[in-house]
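A.B. asks: Right, I'll just put the structure down here and ask away after.
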Amino acid sequence: MSTIKTKIYITGTIASGKNTVVDYLVRNQNFVPFGTRKLFEDVYKRESHTKGLAESELKDRAVLRVFANGLREKYGGDYAIKTLTGQSSFSDRTVIESVRCIDEVQFIKAFQKSMRKSVKVILVGVDALVNIRHERAITRQSALDNVSFEKFKNDEYAESMSVHSNQQNIKACIKASDILLINNGSIEELHLQIKQNILPLLRD
């Protein structure tokens with residue numbers, strides 16, 4: 001096992017298998033997980049008591065997206081990733097999911113460069129065909145993802161193409177990744193890609 005600390009950041013399209021990658025690293029490589037969605041949801045729930053926000057609205061991906069972008073506008077586009085990077089500093093192995101905007105990528109790349117002697121920093125992208133991802137989303141029955149194929153595509157477009165560096169542009173984040181996993185097959189096939197592409201980088 002490597003003696004250098006490792007931080008893996010995950011980016012990817014909706015229902016592409018990001019959580020599956022996180023679960024594998026947690027269960028098989030002793031990584032500690034952190035998530036931007038939980039961070040945003042926790043902030044939303046705290047503010048719901050003072051601003052009259054309805055927690056039930058968290059089931060709508062668009063509501064959470066607008067709220068998250070508002071926090072990025074207020075605190076900086078790298079707010080979530082920067083916060084979780086700090087919170088995870090106690091752990092030798094951390095996986096943070098998910099990276100969604102260019103400001104976050106720029107923070108990771110700067111962190112990667114400045115910490116290259118003491119922390120191994122890897123940005124992993126995950127993608128799959130849109131019809132496969134929609135089927136997976138329906139199967140997992142998440143409140144955010146139990147939507148029609150048309151709404152699924154519209155939600156993805158809204159999260160993938162922003163020209164503002166502090167708002168979601170998942171396509172650009174994937175393009176900037178150090179490793180890209182294409183998850184059109186089975187879980188076992190995705191696990192094999194992790195073994196072949198990520199695990200070798202964890203060694204000294």
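The values are calculated or read from the model by the stated rules, or taken from the named source; none is laboratory data. Remember, it's a predicted structure, so these values are computed and weren't measured experimentally. Note: ideal-geometry Cβ built from the backbone for every residue, glycine included; neighbour counts use all protein chains shown.
A.B. asks: Check whether at least one residue in the range 87-105 is surrounded by fewer than 18 Cβ atoms within 10 Å (Cβ to Cβ), within 13 Å of K7 (Cα to Cα) and in contact with a helix residue (DSSP H, G or I) (Cβ under 9 Å, 6 or more places away or on another chain), and report yes or no.
C.D. replies: yes
A.B. asks: Another question, then. I want to confirm something. Restricting to the range 184-198 and keeping residues that are among the polar types (S, T, N, Q) and not in a loop (DSSP other than H, G, I, E, B), which single residue is surrounded by the most Cβ atoms within 10 Å (Cβ to Cβ)?
C.D. replies: Taking the candidates together, the pick is Q193.
A.B. asks: Which members of the range 159-179 meet the condition of being in contact with a Lys or Arg (Cβ under 8 Å, 6 or more places away or on another chain) and over 18 Å from R61 (Cα atoms)? If you could, list the steps in order and put the result at the bottom.
C.D. replies: Restricting attention to the range 159-179, the residues satisfying the condition of being in contact with a Lys or Arg (Cβ under 8 Å, 6 or more places away or on another chain) are 159-161, 166-170, 173, 176.
Matches in the range 159-179: C173, A176.
A.B. asks: Considering only helices (runs of 4 or more DSSP H) fully contained in the range 1-117, which possess at least 2 residues that are modelled with pLDDT under 95 and more than 22 Å from A176 (Cβ to Cβ)?
C.D. replies: Working: elements: 18-29, 36-51, 61-75, 79-87, 102-114.
Filter on the range 1-117 gives 36-51, 61-75.
A.B. asks: What is the one condition in (1) of a type in the set (S, T, Y); (2) within 20 Å of G35 (Cα to Cα); (3) without any contact (Cβ under 8 Å) to a residue 40 or more places away in the chain that S186 does not satisfy?
C.D. replies: (2)
A.B. asks: Of these, L202, L181, which one is within 16 Å of the chain's Cα centre (by Cα), surrounded by 14 or more Cβ atoms within 10 Å (Cβ to Cβ), closer than 20 Å to D23 by Cα and in contact (Cβ under 8 Å) with a residue 12 or more places away in the chain?
C.D. replies: L181
A.B. asks: Would you mind stating whether V147 is under 15 Å from A62 (Cα atoms) and outside any helix (DSSP H, G or I)?
C.D. replies: yes
A.B. asks: Could I ask something else about it? Restricting attention to the range 112-125, which residues are free of Cβ contacts under 8 Å to residues at least 60 places away in the same chain and under 20 Å from Y79 (Cβ atoms)?
C.D. replies: Q112, S114, M115
A.B. asks: Right, here's the next one. Mind checking which residues of the range 153-170 are outside any loop (DSSP other than H, G, I, E, B) and free of Cβ contacts under 8 Å to residues at least 40 places away in the same chain?
C.D. replies: Of the range 153-170, the ones outside any loop (DSSP other than H, G, I, E, B) are 153-160, 168, 170.
Passing the criteria: K153, N154, Y157.
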